[in-house]
Amino acid sequence: MFKLYLALALLHILHCNGEICQRSKQPLEMIVLYESLCPDSKNYINNFWPVYRKYHQCINLTLVPYGKASPSSSAPFGHTCQHGDSECWGNRMQDCAIHSNLNQFDQMKFLKCQMKDFQLTVKKNFTCARALNIEDHVERCMRPSGRGNQLQTQSSIITNRYSFSEIPAIVYDGVFSVNLQRSSRMKVSQTLCNIMVKKNLLLPDDC
Ligand SMILES: *[C@@H]1O[C@H](CO)[C@@H](O)[C@H](O)[C@H]1NC(C)=O
Ligand SMILES: *[C@@H]1O[C@H](CO)[C@@H](O)[C@H](O)[C@H]1NC(C)=O
């Protein structure tokens, strides 16, 4: 009997550490479409971070800072943005950071830092990039000759594959569902957990 308890306890620990996810060959494919100066995006990133930290081994995460921006040949950097030029700068900057050498976990770490305070973006403050040792990369990428504009064009293409009306929009396994959108944002942990249980990445008890 004791051995059974021990085995169950051990199993539980393994699940809590996300090891069950590592054994699965099919992580949850998750795309977050967001904007650098959007209050709802800020809230989402803030709420998603602790959940992601717990389940990151189950998730293949793609962060796409573009949202309701659109390409524009007359705009300074080729795009106009919902919350103005500062947001365009922020989207470009975050695309550069996301496409530096950071792994997905550190990309989220950067984003959690950068989205915490909009003043960081409005004042073009590189504190978060510096903290992750990507300041030089991001600065080079942001120059007119850098990759920043090209990354934003790529982000606009990814974003325009989905028909959403609100940002942030969360895409699971390539599908954007309006029905999931509300709970995705209001109950971040519960919604993700339910989806991962359905995919056998987690046990029902984990939710
Ligand atoms: C994660 O997603 C990217 C882009 O969609 C893909 O190229 C990559 O193979 C995926 N990685 C895993 C481990 O599934
Ligand atoms: C950048 O932001 C950090 C953290 O909020 C702050 O301590 C620092 O003074 C800011 N730097 C500039 C140049 O504003």
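Derivation of every value follows stated rules applied to the coordinates shown; laboratory data play no part. Quick caveat: nothing in here was measured; it's all calculated off a predicted structure. Please note: Cβ atoms are built from the backbone with ideal geometry, for glycine as well, and neighbour counts cover all protein chains shown.
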Report task. With the Cα gyration tensor of segment 29-206 in hand, convert its eigenvalues to equivalent ellipsoid semi-axes via √(5λ) and list them largest first in whole Å. Result -> 27, 18, 14
Report task. Calculate one ³J(HN,Hα) per residue across segment 136-148 by plugging θ = phi - 60° into the Karplus curve 6.51 cos²θ - 1.76 cosθ + 1.60, and present them in order as whole Hz with x for glycine and proline. Result -> 4, 4, 5, 5, 5, 5, 7, 5, x, 8, x, 7, x
Report summary line: Out of Trp89, Phe77, Gln152 - ranked by how far each Cα lies towards the positive end of the dipole of segment 29-206, with unit charges on the beta-carbon of charged residues - the top one is Trp89
Report summary line: Summed over the other residues with a beta carbon less than 15 angstrom from that of Asp136, with K and R at +1 and D and E at -1, the charge totals +2
Report summary line: Taking r as the C-beta separation of Arg53 and Leu180 and R0 as 25 Å, the FRET efficiency to the nearest 0.05 is 0.70
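With n ≥ 4 as the cut-off for DSSP H runs, can you work out [θ] at 222 nm for the chain, using -39500 (n - 2.57) per run divided by the number of residues, rounded to the nearest 500? Please report the intermediate quantities before stating the final value.
Working: 11 runs with 112 residues, N = 207.
The helix-only estimate for the chain comes to -16000 deg cm²/dmol at 222 nm.
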Requested in this report: Set Lys and Arg Cβ to +1 and Asp and Glu Cβ to -1, take the dipole of the chain about its Cα centre, and tell me which of Gln190, Leu33, Leu203 lies farthest positive.
Outcome: Leu203
Query - Ile157 versus Asp117: modelled label distance in nm, points set 7 Å from Cα along the beta carbon direction - result: 3.7
Report summary line: At the level of C-alpha centres, the distance separating segment 175-192 and segment 84-114, in angstrom, is 23
**Report entry** Inter-centroid distance (Cα atoms) of segment 131-161 relative to segment 44-61, Å
**Finding:** 23
Query raised in the report: Taking the Cα centre of segment 125-200 as origin and charging only Cβ (+1 Lys, Arg; -1 Asp, Glu), how large is the dipole, in debye to the nearest 20?
Result: 220
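Taking a 19 Å limit on the Cα-Cα distance, which of the listed pairs Lys42/Lys198; Lys54/Lys112; Lys54/Lys124; Lys109/Lys198 fall beyond it? Could you put the intermediate results ahead of the total?
Details: Lys42/Lys198 28 Å; Lys54/Lys112 15 Å; Lys54/Lys124 31 Å; Lys109/Lys198 27 Å.
Check vs 19 Å cut-off fails for Lys42/Lys198; Lys54/Lys124; Lys109/Lys198.
What size of dipole, in debye to the nearest 20, comes out for the chain about its Cα centre when the only charges are +1 on Lys and Arg C-beta atoms and -1 on Asp and Glu C-beta atoms? Let's see the in-between values first.
Details: 23 positive and 16 negative charges, 48 e Å.
Value, rounded to 20: 240 debye.
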